[in-house]
Structure formats: C-alpha cells, structure tokens
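A.B. asks: Starting off with a structure, shown below.
What follows is calculated from the coordinates using simple rules that are stated; it is not laboratory data. Note that the structure is a prediction, hence the values are computed from the model and not measured. All Cβ positions, even for glycine, are placed from backbone atoms using ideal geometry, and neighbour counts span all protein chains on display.
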Amino acid sequence: MKTIAKRIYIALIILFLYAPIGILMVLSFNESKTRAKWGGFTFKWYIELFQNEEILRALFNTLLIALVSSLIATVIGTVACIAMTGMKRRAKSILMGITNIPMLNADIVTGISLMLLYISLGIRFGMGTILLSHITFNIPYVILSVMPRMRQLNVSTYEAALDLGSSPLYAFFKVVFPDLLPGILSGFLMAFTMSLDDFIITHFTKGVGVDTLSTKIYTEIKKGIKPEMYALSTLIFVTVLSLLVLINLSPAEKKKAEQ
Amino acid sequence: MKKHRIYHIRQTIVALALLLPVALCGCASDKDASRQVIVYNWGEYIDPETIRMFEEESGIKVIYDEFETNESMYPKVESGAVAYDIACPSDYMISRMIQNGMLSEIDYDKMPNAKKNIGAQYYEQSRGFDPENKYAIPYCWGTVGILYNKTMVDEPITRWAQLWDEKYADNILMQDSVRDAFMVAEKLSGNSMNTLDAEELEAAKNMLIKQKPLVQAYVVDQVRDKMIGGEAAIGVIYSGEAIYTQKENPDLVYVIPEEGTNVWIDSWVILKNAPNKENAEKFIDFMCREDIALMNFEYITYSTPNVAARELIEEEDIRNSEIAFPDLSQYDNLETYVYLGEDGDYLYNELWKEVKAY
C-alpha cells in the first residue's frame, strides 16, 4: 500500500514537471499555428526555424554570452577564492557577505541599477553591457561552488611542492588546481545556466538590435509566440537530455569494461 | 622572495580578469554612424525582407530593436541609453510623447510616399492624439470589437450591451487591460472613452463589477486560441486578430458594436534627438511605398492605412473586407485613446483594481 502511494506521488511530480514540456514538444509538430487545433503532423516549423536568421542570431548571442560570461566569471571567481583564503577571518566573512548579496537580491534591482550605472558612465549599450552584467551576476555562483572545495584543500601539499623546488605557478596548476577542478567545473556550469536563463537583467542592459532568446521571445507577445520557438525549445531540451543521458551512461560502461 | 612572486602572479591575473570585459566592451562600438538608422518597433511588426530591401536600395544600415508594450518602450526611449531615430508607438503614447516634447516634426516634402499613399481618413483619425498631423505617420491600425461563435449564440451579437446578457454567463472573454475594459463600459453608456468625469467613471466601474460574474476570464492574447478552440462564445478582440481566427475557425464572426468603439493607430514617429534624421525620413518613406506596405500587410495581417497598398491586394475578399477595412466615415462614435496624464492613469488603475478585486 505504502509503495503504491509512493509511486503515485512520484508519478504526479514527474507529470507536473514534464507535462508542460511534453505539450510544447507536441505543439512543435502541429501544422496549425494555434494551440487550440491539431492541424496535422509537420516538420514545417523546424525547417522555418533554420531559415529564420533572427532566431538563429538570438540563439547564437545567447550561447556566446553564456559561454564567455561564465568563462570569465569562473576565472575571476576562482581567483577571488584563492585571494580569500589568504585573508583574515573578519575580512573574509565581510567579502563573502558582499558576494552573497547579489545572489539574494531581486534580478530587477540588479538590472535597473546596472542600467543606471552604464548610463551614468556613458557606456554604450550593446553586447558588451550584457556581457558585463552577466559576468557580474555569475561571479557569486562560482565563488559559492569553489569556496567549499577551497576549505577542504590541504595547504601543506602546496607548501611541499614549493619546498621540492617548483615555482608557485607550477605548484598551483599541478597541486592546487586539480583539487579545485570539480568545484570550478560545477561553478562554471552553474554560471552558464544562470546566464542562459536570464531575462530581466538582459532586458535592462541590452543594446539596440542585440537580442538573446529570452528577450526575443518576450517581444513576440503582441503577435503571439511563433511555433518556431516551440521547435527550438524542443531541440534545446532534447540536446540537454541526451547530454545528461550520455554523462550518466559512461561511468557504467567503464565499469562493465573493467569487469 | 617566493611569497612575493606568487603575490605578483595573483595581481596580474586579477588585473587581466578585470580588464578583459572592458576590452570586449570596446569592440561593440560602431564603425560608421552616419550610414545607419536605429528603429524601435513592436515585436513581429515588420516583414524582415523589407528591411533587407531598404538596406540594399539606400545603402543605409538598419539597426532594428523591438519592444513588447508601449509602457516598456517609453522609459527606454526617455532614459536615452540608446539614441533611437524612429519608434512606432500607439496613439495615446504618441500624445504623451508629444506633451513631453520627445518628438520631432515631420517634413512631408521629404516623404512623398507618406503624403501620397496614406489615406486622408487615417490622418483625420490621428488628429485625436496629434491635432495637426505634425508628428505621426500611420503604420497599422484596427478596431476593437466583438468576436463571437455563431454556433454558440442564439442571435447575432451587435452591441456591447449583449456582453451583460446572463444567457452568456461563463462564455464571455474580456480584455485584461484597463483602457480596453473601461472603453467597453463607457461606450455602452454613451460616454467618451477618454473621460475623466468622476461620475461617469464610477458608473463604468459599477457596470464592470456587475458584469464580472458572467465573465469567464480576463485575457490578453489567449483570446485567439480560446475562441478558435470554441472555449468561449463571445470575446473582445482586436480586428487584426479577427481575420486570422476566422481562417482557423469559420464559425467566428467579428463585429464593430453599434455603440461605437476604439480605433487604434500605431504610427511612425521621429524622435527629437534622432542622430540620423535624414535616414529616418528615408526609412519611413520607404515603408510607405505601396509594394513595401503590401508586404508588411501580408506579414503582419493588421489593417494598413496605405490606400495604394490596399489596391494591390490580390484576394478580393480581403481587399474589401469589412473587418480589415471598415469605412470609418460610416461611424460617428469611433474614438482614439488619448493620454490622460499621470493623474488620469492613476485614477483608471485604481478603479480597475477595484473591479479586479471585487
């Protein structure tokens, strides 16, 4: 009885999480433009998607901004973590507090304040301002995931490497960096997804003619969202899903091979 | 000694990391500002092909940006973060921009197509918000009316009053926007939809409250899909959507209610501090050319004020469609929204809140 209840509960959760995505995927194959009517099965929207330069440019912008901003944020965040380990306890906790605030802060406040800052500094709005903003809100996420790794780090190994005659840089990349790597990677991925997802901050800091997917979809509100967007969302979802499956499959296969 | 070295390395990394975004930022600046025009328009409100054609014919680069509501467009233009040349706001927002001195006067001599092709009746209608036709050139227009499903009602719907008929309880879709909702109630009582009279507004509010139990939902763009799917019998809708919904579901009928309604006009305007005013004039005039206006009409499907373009429409039933091109002179109770001022907006919003919270 208890297991049945458990299964139903899980099934419900999965249903509520994935039903919307399922509907979106079904609609992306709908010949008719309206969600109210099934006009027959078609690949039309997928073909139109790849011919629609504006959507493709928005997709390219989104990926480029996500990649570059998370890379830069990862570097800055990691460096900040290294610097913080050398600090006194008090300074460290103050700095941690400062980096935590933007994460808790509402996006709209961050967005508007960044916009005002750029205006007052006379910076031209464009790709650059979006990138700067994304780096800004990504850094705390990197610090958040690298910092715990940093605490587990054994300082003696680094000192031992120095004692054995390696240069500090060499010691860092051979001894410290490999230990930090899992934290850095997860920080990078987190920053990447945050940047990919962002709408509000991008909306306030974007320049003329530069659109990411989220701002592009939003401008379509007046005339209704085009089914090409359903097709694109389906493709993105399937890509992410297959990546996840691949990542989760590979260790199992290795084990089998070992046996 | 060693401690020092690692400190230096750290410093260099930090400095590089801080400089990188600034360097990237620098790349984004423009090459040739004089050969461009910056256009701010509604999303999906132009055939992208026409922009390409303009660039090819004039050699002017179009930087194209999109907004989703008049209210989100206004602060972006006002903040001056980007110096736009052209925008395409709706009627009441244009009157607000005129009042605040944000627009630049149109020189019709430089825009022969705008002078020649745009119908006189649309300039006439524009006087509601632009009294001397000095600032705005109509681009798209339409009416607000009733869309009904003839299989779900007993008699033809012709009046706003029928939205208060208890027969249609739970089968009515109203627009979820202050001005459109109050327009229905005010027109029904024979008042102006731009009224600021406290008594008239109070009456309109009470009517909307009275209607509320009959309304299935207050919607924005879901009205299209809901009407096509037969989820409601009657809906308040923009005429531009009506032709599309009829194509999907032939049972739907669009009417302009007898009590009169709102005529909305989205128009091109040139902003006061437009850096490329000459290019802006060329762009707007190009968009008024009949073949280009026709392409845009076919892409957007909202009524075009371009008379010459209308003549070129091949399908006769669309060219003569009463929905897309109603004869404005036949009605004497059509109005266009004007800006009510901050106090007016506040008053309407407060009353609307009372309706929604009732």
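A.B. asks: Quote the FRET efficiency, to the nearest 0.05, computed for A:THR42 versus A:ILE221 with a Förster distance R0 of 35 Å and r equal to the Cβ-Cβ distance. Each step should come with its number before you reach the end.
C.D. replies: Details: r = 24 Å, r/R0 = 0.70.
Here the calculated transfer efficiency is 0.90.
A.B. asks: When Cβ neighbours within 10 Å are restricted to other protein chains, what is their mean count per residue of peptide A:214-226? Show your work: numbers first, answer last.
C.D. replies: Numbers: counts 0, 4, 2, 2, 5, 11, 6, 8, 13, 13, 7, 3, 1.
Counting Cβ atoms of other protein chains within 10 Å of each residue's Cβ and averaging gives 6.
A.B. asks: Treating the angle as unsigned and between 0 and 90°, give the value, to the nearest 10°, between the Cα long axis of helix A:53-85 and the longest Cα principal axis of chain A.
C.D. replies: That works out to roughly 20 degrees.
A.B. asks: I need the phi-derived Karplus couplings for region A:87-101: 6.51 cos²θ - 1.76 cosθ + 1.60, θ = phi - 60°, integer Hz, Gly and Pro marked x.
C.D. replies: The phi angles translate into 8, 6, 3, 5, 4, 5, 6, 5, 5, 4, x, 4, 6, 6, 4 Hz.
A.B. asks: Which whole number gives the average, over all residues in A:94-103, of C-beta atoms from other chains lying within 10 Å of the residue C-beta? Walk me through the numbers on the way to the answer.
C.D. replies: Details: counts 0, 0, 0, 0, 0, 0, 0, 0, 0, 0.
Per-residue shielding by partner chains comes out at 0.
A.B. asks: Using θ = phi - 60° and the Karplus form 6.51 cos²θ - 1.76 cosθ + 1.60, what ³J(HN,Hα) does each residue of region A:203-212 get, whole Hz, x for Gly and Pro?
C.D. replies: Using θ = phi - 60°, the values come out as 4, 7, 10, 7, x, 5, x, 9, 10, 9 Hz.
A.B. asks: Could you rank the peptides B:349-357, B:117-125 by their average count of other C-beta atoms within 10 Å per residue, with the highest value first? Write down the numbers at each step before the final one.
C.D. replies: Numbers: B:349-357: 14.2, B:117-125: 17.9.
Most protected by this proxy first, the peptides run B:117-125, B:349-357.
A.B. asks: I'd like the mean, over residues of A:203-209, of how many other protein chain beta carbons sit within 10 Å of each residue's own Cβ. Don't skip to the answer; put the middle values down first.
C.D. replies: Details: counts 3, 4, 1, 4, 5, 13, 10.
Average neighbour count from other chains, rounded to a whole number: 6.
A.B. asks: Among the aspartates and glutamates, select those whose C-alpha is under 20 Å from the C-alpha of A:LYS88, and discard any that sit fewer than 8 residues away in the same chain.
C.D. replies: A:GLU159
A.B. asks: Need one number: nm distance between label points at A:ILE108 and A:PHE60, each 7 Å from Cα along Cα→Cβ, rounded to one decimal.
C.D. replies: Roughly 3.4 nm, to one decimal.
A.B. asks: Between rounded, prolate and oblate, where does region A:56-225 land on the alpha carbon gyration tensor, with a ≥ b ≥ c its root eigenvalues, rounded for a/c under 1.5, else prolate if a/b exceeds b/c? Don't jump to the answer; show the numbers that get you there.
C.D. replies: Details: a/c = 2.72, a/b = 2.11, b/c = 1.29.
Cα axes put region A:56-225 in the prolate bin.
A.B. asks: Cβ under 14 Å from B:GLU132's Cβ, B:GLU132 left aside: what net charge do those residues give with Lys, Arg +1 and Asp, Glu -1?
C.D. replies: Numbers: positive: B:ARG127, B:LYS134; negative: B:GLU105, B:ASP107, B:GLU124, B:ASP130.
That works out to -2.
A.B. asks: Which pairs, out of B:LYS61/B:LYS110; A:LYS44/B:LYS76; A:LYS226/B:LYS167, put more than 30 Å between their alpha-carbon atoms?
C.D. replies: Numbers: B:LYS61/B:LYS110 19 Å; A:LYS44/B:LYS76 36 Å; A:LYS226/B:LYS167 35 Å.
The answer is A:LYS44/B:LYS76; A:LYS226/B:LYS167.
A.B. asks: While we're on this one: Taking the Cα of B:GLU315, stepping 7 Å toward and past its beta carbon, and measuring to each backbone N in region A:21-46: which are under 17 Å?
C.D. replies: Taking a point 7 Å out along Cα→Cβ of B:GLU315, the residues of region A:21-46 whose backbone N falls under 17 Å are A:32-34.
A.B. asks: Expressed as a rounded percentage, what relative contact order does region A:56-225 have, with Cα pairs under 8 Å and six or more residues apart?
C.D. replies: Numbers: 182 pairs, mean separation 71.2, N = 170.
Relative contact order, region A:56-225: 42 percent.
A.B. asks: Describe numerically, in nm with one decimal, the distance between label points set 7 Å from Cα along Cα→Cβ at B:ASP345 and at B:GLU56.
C.D. replies: It works out to 4.2 nm between the two label points.
A.B. asks: Any chance you could run the full-extension gain for B:SER192 through B:GLU354? It's 0.36 nm times the residue separation minus the Cα-Cα distance, nm to one decimal. Don't skip to the answer; put the middle values down first.
C.D. replies: Working: separation 162, 0.36 × 162 = 58.32 nm, distance 2.08 nm.
Extra length available between B:SER192 and B:GLU354 comes to 56.2 nm.
A.B. asks: Of the listed pairs B:LYS115/B:LYS187; A:LYS92/A:LYS216; A:LYS223/B:LYS187; A:LYS223/B:LYS150, which have alpha-carbon separations greater than 30 Å here? It would help to have the intermediate numbers written out before the result.
C.D. replies: On the way: B:LYS115/B:LYS187 33 Å; A:LYS92/A:LYS216 41 Å; A:LYS223/B:LYS187 26 Å; A:LYS223/B:LYS150 25 Å.
Check vs 30 Å cut-off fails for B:LYS115/B:LYS187; A:LYS92/A:LYS216.
A.B. asks: Additional query: At 222 nm, what value in deg cm²/dmol follows for chain B if DSSP H runs of at least 4 each add -39500 (n - 2.57) and the sum is divided by all its residues, to the nearest 500?
C.D. replies: Values: 15 runs with 160 residues, N = 358.
Mean residue ellipticity at 222 nm (helix-derived): -13500 deg cm²/dmol.
A.B. asks: Here's something else I'd like to know. Could you tell me the calculated FRET efficiency between B:GLU278 and A:LEU71, based on Cβ-Cβ distance and R0 = 41 angstrom, to the nearest 0.05? The partial results should precede the final answer.
C.D. replies: Details: r = 42 Å, r/R0 = 1.03.
Efficiency computed from Cβ-Cβ geometry: 0.45.
A.B. asks: Next up: P(r) of chain B in 20 Å steps, Cα pairs, percent per bin?
C.D. replies: Result returned by the calculation: 27, 50, 17, 5, 1.
A.B. asks: Another question, then. Antiparallel DSSP bridges in the protein assembly as shown: what percent, to the nearest 5? Don't jump to the answer; show the numbers that get you there.
C.D. replies: Working: 24 of 40 bridges.
Counting only bridges with both partners in the protein assembly as shown, antiparallel ones make up about 60 percent.
A.B. asks: Here's a follow-up. Cα extents of the protein assembly as shown along the three principal axes, largest first, in whole Å?
C.D. replies: Its Cα atoms span 96, 73, 49 Å along the three principal axes.
A.B. asks: Moving to a separate point now. With θ taken as phi - 60° and the coefficients 6.51, -1.76 and 1.60, list the Karplus ³J(HN,Hα) couplings across region A:117-130 in order, rounded to whole Hz; mark glycine and proline as x.
C.D. replies: Ordered by residue, 3J(HN,Hα) equals 4, 4, 5, 5, 8, x, 7, 6, 6, x, 3, x, 5, 4 Hz.
A.B. asks: Just add up the charged neighbours of A:ALA58: K/R +1, D/E -1, any other residue whose Cβ is under 12 Å from the Cβ of A:ALA58.
C.D. replies: Values: positive: A:ARG57, A:LYS206, A:LYS216; negative: A:GLU53, A:GLU54, A:ASP211, A:GLU220, A:GLU228, B:GLU66.
Net local charge, A:ALA58 excluded: -3.
A.B. asks: Quick one: work out the % antiparallel among DSSP beta bridges in chain B, nearest 5. Show your work: numbers first, answer last.
C.D. replies: Details: 23 of 39 bridges.
Of all bridge pairs located within chain B, approximately 60 percent are antiparallel.
A.B. asks: Rounded if a/c is under 1.5, else prolate if a/b is larger than b/c, else oblate: which is region B:271-358, with a ≥ b ≥ c the root eigenvalues of its Cα gyration tensor?
C.D. replies: Working: a/c = 2.75, a/b = 1.38, b/c = 1.99.
The shape class here is oblate.
A.B. asks: Around A:ILE119, with a cut-off of 15 angstrom between Cβ atoms, what is the net charge of the other residues, counting Lys and Arg +1 and Asp and Glu -1?
C.D. replies: Working: positive: A:ARG124, A:LYS206, B:LYS76; negative: B:GLU78.
In short, +2.
A.B. asks: Please list, in chain and number order, the residues 5+ apart from B:ASN41 or on another chain whose amide H is under 5 Å from its amide H, with Hs placed from the backbone.
C.D. replies: Answer set, sorted by chain and number: B:ASP65, B:GLU66, B:PHE67.
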